[in-house]
Every structure is written in C-alpha cells, then in structure tokens.
Amino acid sequence: MPHSTTSGTRADKGLMRFLAAPPPTERLDDTTVAKRYPRLRLQVFLGIFIGYAGYYLIRNNIPLVGSLLIDEGRLDELGIGIIANAALIAYGFSKFLSATVSDRSNARYFLPIGLLLSAVANLVVAFVPAVSASLALFAIVMFINGWVQGMGWPPCGRVLVHWFSTNERGIKTSIWNVAHNVGGFAVGVLAAIGLSLTGNDWTAAFWLPALVAIVVAVVAFFLVRDTPESQGLPTIEEYRDDPAKVEDAAGDAELGMWAVVRKHVIRNRTMVLLALANVFVYALRYGVLTWTPIYLSQVRGASLAGGIAGFSLFELAGIVGTLLCGWASDKIFRGNRSLTGITFMVAVGIAVAVYWLTPASAPLWVSLVAVTFIGGLIYGPVMLIGLQALDLSPRRVAGTAAGFTGLFGYVLGATLASSGIGLVVQNFGWDVTFVMLLVFVVITVVFFVIINKDEKIAIEAHRRRTDARA
C-alpha cells in the first residue's frame, strides 16, 4: 500500500494518542465494501458540511454588530478593523499549523474539538464584561477564537481527499464549500433573532450562535469518519479507479513530515503562486463582507437590519456561485480551475464597480443586489484555490498545502481587508477604498494566468495516467 495512504495513520510522537489518526483495519469483503462505501461517503460528507457550517456561526461576528458598537462608543472603525484582523491573522497561522497536525490526526475528533473551543471563546466575549471594555482584551480573545477556528478547514480537506477522487472533487468540494455560506447566512439570522429578543443587546450575536455551534459539534462527531482504510475499505483511488493528479514522488516514504512539506509545499512554485493569489482573493472577500454593514449604514443610510441583510445576502448568494463554479470547473473547463477562476474574477470586478458607483439616491435594494452578486461570485475563486491546493499536491500533505494558501490569505489578506481598509476608509474615504479593491481583482487575474501554465502540465499528466489504466 502506498505510504500516502498510511502516513496519517501512525500516532506521531507529538500527537496525543486519542487525537492520532486510526490505523487501517482488516479489509472488508467486496459485498460489504459495495454497501458501506456509498453510505459512509454520504455520512462523512454531511459531517464535514454541517461541522464546517458550524464554524462560520462563530468565526468573527464583530461586523454584524459593528454599527452598534460604534454608536455605543465601545469601538471605532479602526478598532473594529484591529479586532477583525486579530481573528483573521490567528486563523491564517493556525490553518497552516493545524493542517500539519490534522494530516496525521483523526478528523472525527479534530473538527468538533476546534468548534467547541471556538464556542467557548464566543461565550467569553458575551458574558465577561471586561473583554468588551478593553480593545486589547477584545482583540486577544478574538485572536484565540481565530486560532481554534483554524482547526476547521484542515480535517475537512483531509476527508475530501481521502473519500472523493480527482474527477469528482470539483463538484463535491464546491458543494461542501457552500457550508461557508450556509453558516454565514445562518449567523446573520441568529444574530437578528438574538438582537430582536434582547432589545439590540450586541452580546446576543455571540452567545446565541455559540450555543447552536455546540450542538453542531456533537452532530459532526457522530457523522465524521477519518479515512476509508480505517473503516476496512479500499482507497478512494482504487474504489473509483481514478488516479490522483499528483502522486507521491519516489523517496517520499523515507522523508519526515516536514521534509515532505518543504518539498511539496513551501518550495513548490505552484503552491507559492496559489498562496499569493489567495492574498487578494481573501482581501476582496473580507474587504467587502466585513465592511458591508458599516458601508450600507454610513453611505446608503441603511438601518442595522439593512446592514445585516447585506451581510447575509452576500453569504447566501455564495451558495449558488460556489456550486456553479465547481460544476463549471469540472464540466466546462474540464478540470482547469485557473481558467474558471479568471472568468469569475472578471465578473467580481464588474460587480464591485456597480456596488461602488451606484448613486446614493438610488433605492437600497440596488446596493443589496450588487453585494449579492459579489458574494455569489467571489466564493468561486475562494473554493478553487483550496481545491487546486488539494489537487496539485500529494495526498499526504494535501491539507497542509491548502493550509499554506490559507496562511497567506488570512494573514496578509486579512490585514488588507480589515485594518488596511479601516485605515483607508478613515483617511481617504470609500472611493479610494473601492479603487483599491478593483486593483486586487486585476492582480488576482494575473496570478491565475501564471498558475494556469503549471496546472495544464498536471492535467496532462493525470490524463496520461488515466489512459494507461483504461
């Protein structure tokens, strides 16, 4: 059996025994495999979908009540940017470092533990008054929240590469990626309910979603399983007769985990380019999402409910856009994720321009439609970069590769999207801010064009291996 299928199954010295990935069990007979494999594929998919949606209930709820915090004098725009930035930077570092652990851990435990810890952090924000009374304490708690939030994506990526093969992964990943939007939309609904029930007490936007997230963590634990081999099933490549785009190189089995990471991730030109592209994709995603409630309130005169509606519509529209993007990348662009990303990014640029240039006298619904289109389009490239990292790296380090792109996206992209935009808005106004966002679109397209050259080589190699097995 290839080393990549067992590398995550040994309990490394640095891992607690209960967290370590389970070893392969005795292979089941073919009849049992035929019955269990489809059922477990659906079960684990539901587990990572529901579980990851739960993370978005409590990731960073500051933007939802930003206007309330400003009106109450607790924070200003820069303070909101600093807190948001603390959470996103922590998430970026954690997503990468957690992935190096997750690639060797049991996804069934890793995912819900992170979600439970994040729920605790949100409850602290809501019920410990000293936290909201100090910008430093607020930022520290949200930094901790961002760190444990980084435990969400890596186990999901691990499940995707072990349970779903190359030629179906575009569609399956796009469906899973909708969990971002389901959770993002649901937190808007939960926040609105909480604010309504408490007379606009901003803490309700933290404690109510946290309580729901705890329930979600329990559900995810009962659904997720680590790898097919740990359940007595064959690898997904064998089961679907579909080789990986990138396989372990000769000699990788003798290398330690970090040596493989350096070889296939840190020194990999394609991974570095994907990471750089992710900086600007995430700057666009959070640059619009984080500031939409405040922009609609300050520039368009929207109410608190209207600002939250913009936030929720952005996330809800991402469901359709992500599914369309995944389908297009598999069916129209025949697995070429870069060309798909270029198409969607051009459309994002058009939507951002409309959002910016809509006259202040226009009805609010015009701006809401524009921000809906931005959300519907930007989540396609968000999903694609993570998918490309999974596709274009050996399975042994797939989660780490995706975490590497996330490190750049959240650390550098977060800085541009939160503190950076906060400073630009305060000092130069919204017009300069939107010009900056459009420049980000152009830079992202340029990176996708360069990445496309490398991706074509991997696609051709996959085609040759598939033909050889026919």
> Within the chain, what is the longest stretch that has no trypsin sites (Lys or Arg not before Pro) placed in a DSSP loop and near at most 14 other beta-carbon atoms within 10 Å?
Replying inline: 28-266
> Percent of accessible area on the stretch 55-211 owned by carbon and sulfur, 1.4 Å probe?
Replying inline: 72
>> Looking at the chain, I'd like the Rg to Rh ratio, where Rg is from alpha-carbon atoms and Rh is Kirkwood's inverse mean 1/r.
In response: 0.97
>> Could you tell me the extents of the stretch 317-413's C-alpha atoms along the three principal axes, largest first, rounded to whole Å?
In response: 55, 33, 19
> Can you give the convex hull volume of the alpha carbon atoms of the stretch 135-180 per residue, in Å³?
Replying inline: 67
> In deg cm²/dmol, rounded to 500, what helix-only [θ] at 222 nm does the chain give when every DSSP H run of at least 4 residues adds -39500 (n - 2.57) and the total is split over its residues?
Replying inline: -24500 deg cm²/dmol
> Mean shadow of the stretch 67-138, computed from the convex hull of its alpha carbons, in nm²?
Replying inline: 5.5
> Under a Cβ-Cβ cut-off of 14 Å, what is the net charge of the residues other than Ile450 that fall near it, where Lys and Arg count +1 and Asp and Glu count -1?
Replying inline: +2
> Residues with beta-carbon under 13 Å from that of Ser67, excluding Ser67: net charge, scoring Lys, Arg +1 and Asp, Glu -1?
Replying inline: -2
>> Calculate log10 I(q)/I(0) of the stretch 281-344 for q = 0.14, 0.23, 0.28 Å⁻¹, where I(q) comes from the Debye formula with a single equal point scatterer on each Cα and nothing for solvent.
In response: -0.53, -0.90, -1.09
> Which whole-number value in Å² is the accessible area per residue of the stretch 354-462, probe 1.4 Å?
Replying inline: 34
> Taking the Cα atoms only, what angle lies between the long axis of helix 337-357 and the longest principal axis of the chain, rounded to 10 degrees?
Replying inline: 0
>> Whole percent per 5 Å bin, from 0 to the bin with the longest distance: what is P(r) over all C-alpha pairs of the stretch 256-384?
In response: 2, 11, 18, 19, 15, 12, 9, 7, 4, 2, 1, 0, 0
> Net charge near Ala414, counting Lys/Arg +1 and Asp/Glu -1 over other residues with Cβ under 13 Å of its Cβ?
Replying inline: +3
>> Using the Kirkwood radius over C-alpha pairs as Rh, can you work out the diffusion coefficient of the stretch 343-470 via Stokes-Einstein at 10 °C, viscosity 1.306 mPa s, in µm² per second?
In response: 93
> Under a 5 Å amide H to amide H cut-off, with H placed in plane at 1.01 Å, what residues pair with Ser105 once short-range neighbours are removed?
Replying inline: Ala21
>> I'd like the orientation of helix 107-127 relative to the chain: the angle between its Cα long axis and the longest Cα principal axis, in ° from 0 to 90, rounded to 10.
In response: 10
>> With angles folded into 0 to 90 degrees, how steeply does helix 204-223 sit against the dominant principal axis of the chain? Use alpha carbons for both and round to 10.
In response: 10
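The values are calculated or read from the model by the stated rules, or taken from the named source; none is laboratory data. Bear in mind the structure is a predicted one, so any value in this text is a computation, not a measurement. Here Cβ is always computed from backbone atoms with ideal geometry, including for glycine, and neighbour counts include all displayed protein chains. The area values use the complete protein model at the heavy-atom level, side chains included, leaving out ligands, DNA and RNA. Shrake-Rupley method; radii C 1.70, N 1.55, O 1.52, S 1.80 Å.
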